[in-house]
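The values are calculated or read from the model by the stated rules, or taken from the named source; none is laboratory data. Given the structure is predicted, the values throughout are model-derived calculations rather than measurements. Don't worry about glycine lacking a Cβ; one is built from the backbone with ideal geometry, like all the others, and counts go over all protein chains shown.
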Amino acid sequence: MKLPLFTKKEHKIDFENETLLALDVGTSFVKACVFQVKNNKVHILGYGRAAQQSDAMKGAMIVNLQNVIENCDLALGEAVKGLQTELPRKVIVGIAGELVKGVTIMAKYDRETPDVKITKKEIEEVVEKVRGQAFQNVKTEIAEETGLLEEQIEEISSVINDTFIDGFRVTNPLEFQGKNINFRVFSTFAPSIHLNSLKSIAQALGLEILDIIVEPYAITRAYEGAVKDDFSAVFIDIGGGTTDIALVQKGGIMGTKMMAFGGKVFTKRLETEFGLSYRDAENLKLEYSERELSDKKRDDIRTLFSADSNVWADGVELALREFEDVKVYPQKFLLCGGGTLLSDIKTSLMEHPWLQVLRFERFPEVEFISPDNLKAIVDPEGFLKDVSDIAPAALAYMALELK
């Protein structure tokens with residue numbers, strides 16, 4: 001049994017065998033994944049993507065809504081091409097970006113009746129107290145950090161991420177007895193304008209939103225084994241405009257961090273250095289990533305990219321420093337997102353002096369997430385190809401947690 005989500009929904013949703021959509025609105029691409037839930041597995045039925053104009057998004061925030069709506073329509077059209085089932089009418093939308101914040105709030109209390117079993121009502125009352133006592137402080141901190149007004153910041157969702165009863169970790173607190181309860185509540189917040197833009201997209205496409213989910217959180221939930229007690233890792237999702245980071249310790253997510261540094265930085269570098277259009281610079285970057293250039297050209301570009309990739313690794317270090325209550329950092333970096341197709345990204349992580357700058361017991365391993373690493377995903381047609389397809393697939397997986 002999974003832990004309960006404390007969103008505004010009061011009931012679980014029954015959509016077994018219903019055609020659904022997962023929508024990843026990225027800075028460089030919109031990705032649409034059509035799927036059905038059957039026998040507690042996600043079956044991928046179609047997949048589409050559409051390139052975004054260079055001025056459509058900024059730091060994963062929508063700045064040209066009409067263009068983004070048209071691109072979502074194109075991606076959806078490709079995803080439903082040849083579909084043998086009804087068209088999707090409900091959507092799970094991903095959200096990411098520099099202004100999306102994921103925080104962990106600790107809720108501790110002593111039960112007056114330790115011999116009585118814990119109920120769902122009791123848990124909900126605790127979370128509501130957390131909302132009342134802690135969320136205002138969190139919004140104040142986020143407002144100070146982002147420059148937004150507190151009333152411009154909205155809670156996306158909250159979930160009990162970890163539970164300890166009398167010092168012992170349990171998967172689900174329901175029906176347990178005990179006195180000392182320690183809940184770790186993971187809550188996510190975003191600017192209201194960002195959320196409203198996503199709602200406008202769904203409305204324009206004639207879709208009902210099932211949920212808006214923070215993408216790095218979805219990836220940690222979908223990764224096979226990531227909720228186990230012995231699992232710890234740093235998840236890094238590199239898109240066109242941002243890098244999203246989630247830290248998981250002993251099966252529980254400690255929080256998420258986002259920075260406005262993605263693959264477009266390298267495209268802009270080529271655009272400036274060689275006097276290319278943005279599209280030609282993007283194509284050159286792809287040729288470089290796929291080793292389709294001469295050795296001399298590749299060496300020149302690698303040298304050109306070295307400073308930017310090192311700055312990116314420094315940014316990852318700074319983001320990790322911001323996580324609180326981390327005694328020792330995980331020994332594994334797990335990478336996904338289209339930006340990781342650039343080999344310089346992995347190299348910069350492997351060459352960064354992690355042992356000298358943060359508390360690692362040994363030098364961390366760096367691995368890519370493949371579609372095969374995602375649990376409960378059935379993809380017989382092979383729509384999911386590589387690291388760039390992980391986020392939309394993870395969003396589709398979250399339908400299992402909404403059931």
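Which of the residues belonging to the stretch 287-313 are free of Cβ contacts under 8 Å to residues at least 12 places away in the same chain and surrounded by 13 or more Cβ atoms within 10 Å (Cβ to Cβ)? If the condition is that a residue be free of Cβ contacts under 8 Å to residues at least 12 places away in the same chain and surrounded by 13 or more Cβ atoms within 10 Å (Cβ to Cβ), then Glu287, Leu293, Lys297, Arg298, Asp300 are the ones that fit.
Restricting the stretch 163-220 to residues that are in the same structural domain as Glu124 (by TED's automatic domain parsing) and on the phi > 0 side of the Ramachandran plot leaves a set whose member that is surrounded by the most Cβ atoms within 10 Å (Cβ to Cβ) is Gly178.
Return yes or no: is Ile219 within 13 Å of the chain's Cα centre (by Cα), over 16 Å from Leu65 (Cα atoms) and in a strand (DSSP E or B)? No: the conditions fail for Ile219. The residue of the stretch 314-356 that is farthest from Asp386 (Cα to Cα), among those that are surrounded by 17 or more Cβ atoms within 10 Å (Cβ to Cβ) and of a type in the set (Ser, Thr, Tyr), is Tyr329.
In the stretch 96-131, of all residues being in a loop (DSSP other than H, G, I, E, B) and among the hydroxyl-bearing types (Ser, Thr, Tyr), the one that is modelled with the highest pLDDT corresponds to Thr113.
Conditions tested, residue by residue: (1) surrounded by 23 or more Cβ atoms within 10 Å (Cβ to Cβ); (2) among the hydrophobic types (A, V, I, L, M, F, W, C); (3) assigned to a loop (DSSP other than H, G, I, E, B).
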{"site": "Val68", "(1), (2), (3)": "yes, yes, no"}
{"site": "Asp73", "(1), (2), (3)": "no, no, no"}
{"site": "Glu78", "(1), (2), (3)": "no, no, no"}
{"site": "Lys81", "(1), (2), (3)": "no, no, yes"}
{"site": "Gln84", "(1), (2), (3)": "no, no, yes"}
{"site": "Leu87", "(1), (2), (3)": "no, yes, yes"}
{"site": "Val91", "(1), (2), (3)": "yes, yes, no"}
{"site": "Gly94", "(1), (2), (3)": "yes, no, no"}
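Of the residues in the stretch 247-260, not one is crowded, with 23+ Cβ neighbours inside 10 Å, outside any strand (DSSP E or B) and in contact with a Ser or Thr (Cβ under 8 Å, 6 or more places away or on another chain).
If you go through the stretch 35-66 one residue at a time, how many are assigned to a strand (DSSP E or B), farther than 30 Å from Val378 by Cβ and charged (D, E, K, R)? Even if it seems obvious, please write down each step before you answer.
Looking only at the stretch 35-66, we keep the residues that are assigned to a strand (DSSP E or B), and these are 35-38, 41-51, 57-58, 61-62.
Keeping just the survivors that are farther than 30 Å from Val378 by Cβ gives 57-58, 61-62.
Going one step further and asking which of them are charged (D, E, K, R), we end up with 58.
Final tally of qualifying residues: 1.
Within the stretch 340-366, residues that are free of Cβ contacts under 8 Å to residues at least 24 places away in the same chain reach partners that are surrounded by fewer than 20 Cβ atoms within 10 Å (Cβ to Cβ) and basic (Lys, Arg) with beta carbons closer than 9 Å, at six or more positions or on different chains, in the pairs Leu355/Arg362.
Cβ-Cβ distances below 6 Å connect the following pairs, each with a first residue in the stretch 56-84 that is under 21 Å from His43 (Cα atoms), a second residue that is buried (at least 17 other Cβ atoms within 10 Å of the Cβ) and among the hydroxyl-bearing types (Ser, Thr, Tyr), and a separation of six or more residues or different chains: Ala79/Tyr47. Can you tell me which residue in the stretch 357-391 is surrounded by the most Cβ atoms within 10 Å (Cβ to Cβ), limited to those that are among the hydrophobic types (A, V, I, L, M, F, W, C) and assigned to a helix (DSSP H, G or I)? Filtering first and then ranking leaves Ile390. On inspection, Lys268 passes the criterion of being in a helix (DSSP H, G or I), free of Cβ contacts under 8 Å to residues at least 60 places away in the same chain and over 15 Å from the mean Cα position of the chain (by Cα). Hey, can you tell me all the residues within the stretch 96-115 that are aliphatic (A, V, I, L, M) and surrounded by fewer than 16 Cβ atoms within 10 Å (Cβ to Cβ)? Answer for the stretch 96-115, where residues must be aliphatic (A, V, I, L, M) and surrounded by fewer than 16 Cβ atoms within 10 Å (Cβ to Cβ): just Met106.
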